[in-house]
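Note sheet for the following structure.
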Amino acid sequence: MRPTRFIPGTGHNVKYFLRIFSIGKTYTLETLASKMEMHQLRYFVAVAETGSFSRAAERCHISQPSLSQQIIKLESRLGQRLFDRLGRRVVLTDAGRLLLDHATAILAEVEQVERQMRDATHMVQGKLAVGAIPTVAPYLLPSAIELFLRRYPDVEIMLQEDVTQQLLAATVAGEIDLAIVALPVADTRLRVEPLFTEPLWLAMPRGHRLARRKRVRLEDLRAERFILLSEMHCLGEQVASFCRQREFEPKVACRSAQLPTVLALIAAGQGVSLIPEMAKEGDRSKRRVYRALADSAPARTIAVVRHRLRHQTPAMRQFIQLLKKRAGAAYPLSIGEAAAGD
């Protein structure tokens with residue numbers, strides 16, 4: 001098997017087999033890596049190229065005695081003399097000439113790896129795992145992802161649509177990079193950045209007795225049957241909590257796991273509900289009508305969350321900025337909401 005070795009000072013795995021032949025010895029890269037440091041290689045190449053310890057020291061921004069000491073250490077570790085000292089001039093020995101070719105190649109490869117790593121820090125590429133709750137994903141993400149991938153085609157987006165509890169757990173576990181959920185989020189391990197606040201609209205069948213009114217009071221709904229999302233969905237609990245805070249217990253006729261089912265049941269005359277504005281704007285059916293509540297303003301705030309301790313990649317950063325820009329144009333946050341992200 002051909003041995004490979006991580007060059008000290010880099011994370012790069014060298015793919016080739018390096019042998020340095022000296023008198024009676026064969027050095028593999030495995031052996032060399034244990035015998036020398038990267039800075040010693042740089043000093044060695046500088047002396048070889050300049051033919052002078054003093055000029056090499058100037059190039060490497062190090063004192064001449066320190067450079068000379070490192071060359072002596074390198075020769076000692078390799079067990080070979082690398083330079084002949086001829087007065088003020090130094091010339092390579094046979095072992096030194098053999099080392100020079102390979103040392104130059106190693107340093108060039110290290111420089112290339114370092115350059116690639118610096119570029120990767122700024123390049124928007126790689127995989128991005130995004131989670132979103134079902135009452136947001138189909139309305140916000142398709143157009144946002146399409147625009148993002150047009151700008152950054154080297155990113156692969158993996159989307160997970162799930163309820164808030166599962167998405168927060170996946171974010172904490174590092175299974176997804178970020179999640180788009182509705183507030184509140186109490187987990188202190190997560191960083192929360194509000195995106196926008198959207199109103200909730202009263203949705204009812206077109207032939208409903210209240211459909212003729214432009215605005216409806218909450219008191220008008222006491223006798224109405226409510227169709228809500230199941231308890232596992234935050235929107236269902238937000239609607240119920242909104243009513244209870246105003247001393248109004250909604251009569252829940254049905255709970256569903258899907259918002260399209262809630263809308264279909266409303267169209268069928270089975271009840272009413274409070275629906276997010278983005279779902280209202282996406283509703284092309286004429287079987288439902290929407291009205292604002294006159295005496296209250298139910299709303300929800302959508303935020304993007306990510307793990308506080310997780311490195312934010314360029315892809316994550318750019319995707320969050322795109323969401324903020326698009327959301328800000330449609331739903332400007334108040335000063336207080338914008339400052340709520342922590």
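So, with a 1.4 angstrom probe, what is the percent of accessible area on region 33-166 that is carbon and sulfur?
Using a 1.4 Å probe with all protein chains present, region 33-166 comes out at 49 percent carbon and sulfur.
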Please work out the FRET efficiency for the pair residue 309 and residue 231, using the Cβ-Cβ distance as r and a Förster radius of 45 Å; give the result to the nearest 0.05. 0.90
So how much slack lies between residue 38 and residue 146, counting 0.36 nm per residue of separation and subtracting their Cα-Cα distance, in nm? 34.3 nm
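For region 221-325, which whole percent of the accessible surface, found with a 1.4 angstrom probe, sits on carbon and sulfur atoms?
Numbers: 2400 of 4930 Å².
Answer for region 221-325 is 49 percent, counting heavy atoms of protein chains only.
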Per residue, how much space in cubic angstrom lies within the convex hull of the C-alpha atoms of region 132-279? 133 Å³
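How large is the charge dipole for region 30-97, taken about the Cα centre, if only the Cβ atoms of Lys, Arg (+1) and Asp, Glu (-1) carry charge, to the nearest 20 debye?
Details: 11 positive and 7 negative charges, 37 e Å.
Around 180 debye, computed over region 30-97.
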Could you work out the relative contact order of region 133-181, using alpha carbon pairs under 8 angstrom and six or more residues apart, expressed as a whole percent? 50 percent
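How many percent of the alpha carbon pairs in region 98-203 exceed a separation of 23 Å?
Working: 2698 of 5565 pairs.
Percent of Cα pairs beyond 23 Å in region 98-203: 48.
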3J(HN,Hα) from dihedral phi, region 102-114, Karplus parametrisation 6.51/-1.76/1.60, rounded to Hz, x for glycine, proline: 6, 5, 4, 5, 5, 5, 5, 5, 4, 4, 5, 5, 4
Defining a contact as two alpha carbons under 8 Å apart and six or more residues distant in sequence, what relative contact order in percent does region 103-225 show? 25 percent
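Pick out, in residue order, every one of the GluC sites (Glu not before Pro) in region 151-243 that is DSSP loop and has at most 16 other C-beta atoms within 10 Å; say none if there are none. Spell out each step's value before the answer.
Details: sites: 156, 161, 175, 219, 224, 231, 237; in loops: 175, 224, 231.
Filter output for region 151-243: 175, 231.
Quote the FRET efficiency, to the nearest 0.05, computed for residue 261 versus residue 286 with a Förster distance R0 of 25 Å and r equal to the Cβ-Cβ distance. Please list the in-between numbers first.
On the way: r = 19 Å, r/R0 = 0.75.
The value I calculate is 0.85.
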Roughly how many nanometres apart are two label points built 7 Å out from the Cα toward the Cβ at residue 193 and residue 211? 4.3 nm
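The values are calculated or read from the model by the stated rules, or taken from the named source; none is laboratory data. This is a predicted model, so every value here is computed, not measured. When we count neighbours, we look across all protein chains shown, and the Cβ atoms used for this are built from the backbone with ideal geometry, even at glycine. With ligands, DNA and RNA removed, areas are computed over all heavy atoms of the protein, side chains included. Shrake-Rupley method; radii C 1.70, N 1.55, O 1.52, S 1.80 Å.
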